[in-house]
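The values are calculated or read from the model by the stated rules, or taken from the named source; none is laboratory data. All figures in this text were calculated on a predicted structure; none of them were measured in a lab. When we count neighbours, we look across all protein chains shown, and the Cβ atoms used for this are built from the backbone with ideal geometry, even at glycine. The area values use the complete protein model at the heavy-atom level, side chains included, leaving out ligands, DNA and RNA. Shrake-Rupley method; radii C 1.70, N 1.55, O 1.52, S 1.80 Å.
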Amino acid sequence: MAVETAPECANLKALRLHGRKNNQLDDVAPQKCGHDEVRLQIAFCGICGTDIHEYLGGPIFAPQPGMKNKVTGIELPVTLGHEFSGTVIELGQSVKSLKYGQRVIVNPALDERHLGMKPCSPCKTGCYNICKRSVTYGLSAEGGGFCEQSVVKATSCIPLPDSVSLKVGALSEPLAVAWHCIRVSGFKQGQTALILGAGPIGLAILCLLKVWGVAKTIISEVTEARIDQAKKFGADAVVNPLEPLTGDREDEVTDPVVAACRDLTGGDGVDVSFDATGMQSTLDAAIAAAKPRGIIFNVAIHERPLLLNLNLLAQQEKSIKAGISYTNEDFHAVLKVLAEGKIPAEQLITSVVPLSDVLQGGFMELINNKAQHVKILIQPDPDV
Ligand SMILES: [Zn+2]
């Protein structure tokens with residue numbers, strides 16, 4: 001069988017993490033394409049909050065200086081980027097599931113199926129997103145998306161529907177995070193929800209909750225630009241928790257977010273609180289705003305442990321759940337939503353920056369003007 005191969009190519013540009021506060025745009029040799037892998041011409045790759053954490057406070061998921069990742073063996077520097085779309089430009093000999101020129105997105109999470117190892121106990125039950133050996137392209141496995149090309153397992157690629165552009169397709173990873181959270185939270189059509197934080201994940205949850213048929217959404221957010229975004233994406237109420245309540249209330253609630261949740265739900269509070277911020281104050285509000293037997297779902301990454309008064313849960317049989325990753329099922333669901341145009345996906349993209357400007361126009365822009373942005377996409381080759 002004839003195998004399409006890419007022409008021998010010169011070194012590629014790649015954004016690599018060398019260590020804390022040390023990202024460099026390097027010239028790297030192209031990766032080799034294994035028999036079960038494909039080479040992608042990267043179209044777009046989103047910058048994730050995780051990438052910023054790796055740069056400012058890391059390495060976290062990337063290998064520590066002088067250490068190798070135990071599963072993949074990779075060490076610093078690591079090519080970053082795990083939210084990417086691209087076109088297949090080379091196929092490994094045993095790849096039958098994809099075609100040359102096919103447009104795909106990548107589920108960057110790898111488990112034993114990709115690694116050729118025996119499945120761990122979560123994987124045996126299909127919970128690949130909590131694999132004990134989970135590693136991720138662009139963090140702990142070689143093949144990040146902030147590069148002109150990436151070599152990934154063919155089984156990591158999910159074909160893009162014809163009606164979804166490569167640009168919008170690059171949003172599918174953060175959308176899959178949000179979809180998974182909604183799915184495993186226990187949320188049901190017709191219920192109410194509070195979302196704490198209107199960053200990329202908070203807004204993704206807002207957009208996708210509407211697809212799930214949410215009755216009412218309340219957003220807690222402190223920055224003006226993100227308050228505007230939350231309103232634009234259709235939250236029923238957007239509350240700044242730093243603006244004090246005026247007047248006395250019969251229920252003696254003093255937190256404006258909790259007050260809004262009670263007022264919009266007939267007094268009981270919301271069915272599900274999604275904490276996409278991860279501060280003590282947001283956890284406290286998430287618990288207080290949930291109705292009796294309600295659910296608090298954490299999707300935030302925490303820099304330090306928080307205090308939790310379990311009495312507040314026990315007295316009203318509230319429960320806390322948490323999650324951060326996804327399975328292919330979530331990607332397929334999100335791609336269907338995008339293909340049917342059910343969410344204003346293009347509006348989630350606030351900037352598209354060439355790879356040559358990834359440091360200033362991408363990372364530093366997100367660090368210095370975070371609230372102005374939802375998602376910044378890096379486009380390695382604007383001519384492709
Ligand atoms: Zn596993």
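Residues in the range 47-87 that are within 23 Å of residue 349 (Cβ to Cβ) and part of a strand (DSSP E or B): 79, 84, 85, 86, 87.
Does any residue of the range 88-99 turn out to be within 16 Å of the ligand (Cβ to nearest atom), farther than 24 Å from residue 161 by Cβ, open to solvent by 60 Å² or more (accessible area, probe 1.4 Å) and in contact (Cβ under 8 Å) with a residue 24 or more places away in the chain? Show your work before the answer.
Filtering the range 88-99 for residues within 16 Å of the ligand (Cβ to nearest atom) gives none.
No, the range 88-99 has no match at all.
For the range 100-125, residues that are at pLDDT below 95, closer than 30 Å to residue 165 by Cβ and open to solvent by 40 Å² or more (accessible area, probe 1.4 Å) total 1.
So that you can scan it fast, the table gives a plain yes or no per residue for (1) open to solvent by 30 Å² or more (accessible area, probe 1.4 Å); (2) touching a strand residue (DSSP E or B) at 6+ places or on another chain (Cβ under 7 Å); (3) not assigned by TED's automatic domain parsing to the domain that holds residue 270:
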{"site": "290", "(1), (2), (3)": "no, yes, no"}
{"site": "297", "(1), (2), (3)": "no, yes, no"}
{"site": "300", "(1), (2), (3)": "no, yes, no"}
{"site": "349", "(1), (2), (3)": "no, yes, yes"}
{"site": "352", "(1), (2), (3)": "yes, yes, yes"}
{"site": "357", "(1), (2), (3)": "yes, no, yes"}
{"site": "366", "(1), (2), (3)": "no, yes, yes"}
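Yes or no, residue by residue, for (1) touching a residue at least 40 places away in the same chain (Cβ under 8 Å); (2) under 21 Å from residue 174 (Cα atoms); (3) within 16 Å of the ligand (Cβ to nearest atom):
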position: 107; (1), (2), (3): yes, yes, yes
position: 111; (1), (2), (3): no, yes, yes
position: 123; (1), (2), (3): no, no, yes
position: 127; (1), (2), (3): yes, yes, yes
position: 135; (1), (2), (3): yes, yes, yes
position: 141; (1), (2), (3): yes, yes, yes
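Tell me, yes or no, whether the range 128-143 has at least one residue that is more than 18 Å from the chain's Cα centre (by Cα) and open to solvent by less than 60 Å² (accessible area, probe 1.4 Å). Checked the range 128-143: no residue is more than 18 Å from the chain's Cα centre (by Cα) and open to solvent by less than 60 Å² (accessible area, probe 1.4 Å).
Determine if the range 269-286 includes at least one residue that is part of a loop (DSSP other than H, G, I, E, B), closer than 28 Å to residue 47 by Cβ and small (Gly, Ala, Ser). Yes: one or more hits. Residues of the range 302-313 that are assigned to a helix (DSSP H, G or I) and open to solvent by 70 Å² or more (accessible area, probe 1.4 Å): 310, 311, 312. Take residue 226 and tell me if it is surrounded by 21 or more Cβ atoms within 10 Å (Cβ to Cβ) and within 26 Å of the chain's Cα centre (by Cα). So residue 226 fits the description; yes.
When residues in the range 265-288 are screened for being closer than 27 Å to residue 177 by Cα and more than 25 Å from the chain's Cα centre (by Cα), 3 of them pass.
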